[in-house]
Each structure stands twice: as C-alpha cells, then as structure tokens.
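Asks: Below is the structure I would like to discuss, written out as structure tokens.
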C-alpha cells in the first residue's frame, strides 16, 4: 500500500479494501504537497499534486555520457529475449534514416521472428498473468507489480515491438506499426508464453488492441483487467503531448528528443514526477539509437488515424452480451489525458467492475504499484485455482 505523508492533517481510512474505492479526501488548505511512496523505501518517492511543469525535464546524469552503471542495464539483466511473430515485408535490415542517425543492429528485426524483451517472475507452473504496458511506456512500469504477483502466479511483462528493449524495425522493413499488426503480434507472443488460459492486464492506449484480440480468443482468457483504458468517445483523440509525434517533419524531430519522447510523454499524464533512475530506463532506448524515435513516430501516426475506430469497436465488444470474459476496469482518477467523465456510466451499463484509485494518474501501475498488484491478485483468486 502506498504511504502518504502530507503537510496538512489528513483523515485516512484505517483499512484499504482492494475492491472498494477509497473515498476522495477534501482538503481545507488550497495548497497541499502530498508525497506518495510506492514502497516502504523512503527514497523511492515521487511528488503528487505537483504543477504540470514539474517532471517535464530531467538532467542527463547517469545517462549515455556517464561512466556510472546504468539502471537500464540492471533492468535488462532481469529479462530475456523471446522470439515470436514472423517478420513481414522483405525482412531486410533498415536503411540509414534521415538526420544521419545510426540504427543500432541489436534493435532491428532478424530475418525470421521478432525479438521481444520480457521479464518473468514466479513459478511457470502457476496460473499465468501477462502485464501489457501502454503507449508510450515499457514493461519496466510493472517492475513493482511483478514481485507481488509472483507469490502465487507466473507474472510476465513484455515490451511491445518498437518500445523498450524489443525489436524496433524501421517502418516498411518488417513492421509498419499499424494497430492491426499489433493485434496480430499479440496473439503470437501470448501463445509463446502460454498454451493454457491466461489473464491479461493492459494499460492505456493499447487497451483497444488487446480487447480486439480478446474478442476472438475468449476461450484463452481467464480475466481481462484494463488500467485507464480509452473508454469514451472523448478518449479517442490522442493528447497533444502524443499527437505531436505524428506531425510531418516536426514529429520526426521531436521523436528523436529523449526529453520529449520519453520524459515529457510519461510525466505530463499525471500529477507526479519520477526518480531520475527510473527516467533513465525509459529514456535509454532513445539515447542509443534513432530506431526508437522512428518507431514512436510511426505508432503515433497509426494511433491518430486508427484509434477512434478501435475505441468504438472496443466499446461494442465490451457491451455485447456475447462477451463472456470477466472484465475489470481500474482507474487512476488523476489522469490528465483521459477524463473520468463517462467511465462510471459505461461500467454500469456494461456490468463490468470498476475500481478507482483517487491518488493515481494515467500510469496507475507506476503510481500505486502495490495497490494495483494486490487488486490483480484479488481478482485472480476469485477465478483461478492456485
């Protein structure tokens, strides 16, 4: 459970129940600085209720030009590479792109199957739960959720193609970053992880892709848990922070700027800032190759073009009486990208469980990792045999 400390006197509930929304707290003072710790380590905190400008910029200490050990290297050591989903197109290596940016060979696709970076925790004999990050993010966002689930489940987090430490082929060289391609590739990677039924947890703008996959594979799923998904018509438009990457030329330039592509994109969607060590993991792919930026540019264009239709389809699927998968929506109410308006009504109409986290932003697994881990574990206990 997150530990919250404030300069004001707060009346906090004595006990937290993972299936009952914690009531919002009204403050008398106009300005309250509230620090939320996602673990018992006082050094692992971030600032809540910060102005929008806080967290928009980070220094480069410990980054590309530092001789100090990188947190990204430590994270990479915890994972492994899994090959899944056929390389399309010609299967050739990407050409040198504009601006003279080098395309790191290790981040491009092989000639047969794509290479996905994943981190596993827990016994492979336990029920599997696959944790899917949002746009733009990485499997790293679930780093504190994994150990909570590993006690009784086989927890797996992976980087989508184009993100983190997975393959990042240049568009037209094996993968064009359309939402249809992501949907098809998801089937390949899920089957690679488990031949049995699984629970899928997905955050943010990749939720419609996962729901469309789930529609045709309901027999494969035990549960579906959506973390701040775009559920309403208003949610179908990308926020300006992400839409800028889809612009002609300007988007291509901004997607090569690590501070815009990683730091600002991650911190502008909620009232908090991350630790520098965590920011360095997210920033690392953009520092070592132009591949990450060109992938970001391509997926932004696809999202801007296709997201509306995918959100509409997701709404129809989740409202359809033929939908039989146990579905839970977990919502961080301090999301600056997606409004809570209409979410509660949608969950009531579709008869899906809604769990709210008043202190979390768009990336709830970052903001309230322990709560999210316990919520997922609680849902799984009801529907899976341990």
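Asks: In the stretch 167-185, what count of residues is obtained for those that are farther than 14 Å from residue 290 by Cα and assigned to a loop (DSSP other than H, G, I, E, B)? First the steps, then the outcome.
Replies: Here is the first cut: in the stretch 167-185, the residues farther than 14 Å from residue 290 by Cα are 172-185.
Now narrow it down to the ones that are assigned to a loop (DSSP other than H, G, I, E, B): 172-178.
Number of matching residues: 7.
Asks: OK, next. Quick one: would you say residue 248 is over 30 Å from residue 359 (Cβ atoms) and without any contact (Cβ under 8 Å) to a residue 24 or more places away in the chain?
Replies: Numbers: over 30 Å from residue 359 (Cβ atoms): yes; without any contact (Cβ under 8 Å) to a residue 24 or more places away in the chain: yes.
Taking the combined requirement at face value, the residue satisfies it.
Asks: Restricting to the stretch 141-158, name every residue that is in contact with a strand residue (DSSP E or B) (Cβ under 9 Å, 6 or more places away or on another chain) and surrounded by fewer than 24 Cβ atoms within 10 Å (Cβ to Cβ). Outline the logic, then answer.
Replies: Narrowing the stretch 141-158 to residues in contact with a strand residue (DSSP E or B) (Cβ under 9 Å, 6 or more places away or on another chain): 141-143, 145-150, 153-158.
Passing the criteria: 143, 146, 147, 148, 150, 153, 154.
Asks: With 328, 356 as the choices, which residue is within 21 Å of residue 213 (Cα to Cα) and buried (at least 16 other Cβ atoms within 10 Å of the Cβ)? Can you show your working first?
Replies: Details: 356 fails: within 21 Å of residue 213 (Cα to Cα).
Residue meeting the stated conditions: 328.
Yes/no matrix, rows are residues, columns are (1) farther than 20 Å from residue 231 by Cα; (2) buried (at least 24 other Cβ atoms within 10 Å of the Cβ):
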residue: 352; (1), (2): no, no
residue: 360; (1), (2): no, yes
residue: 374; (1), (2): yes, no
residue: 377; (1), (2): yes, no
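Every number here is computed from the coordinates shown, using simple stated rules; none is lab data. If you're wondering where the values come from, they're calculated on a predicted model, not measured in any experiment. Reconstructed Cβ throughout: ideal geometry from the backbone, glycine too, with neighbour counts over all protein chains shown.
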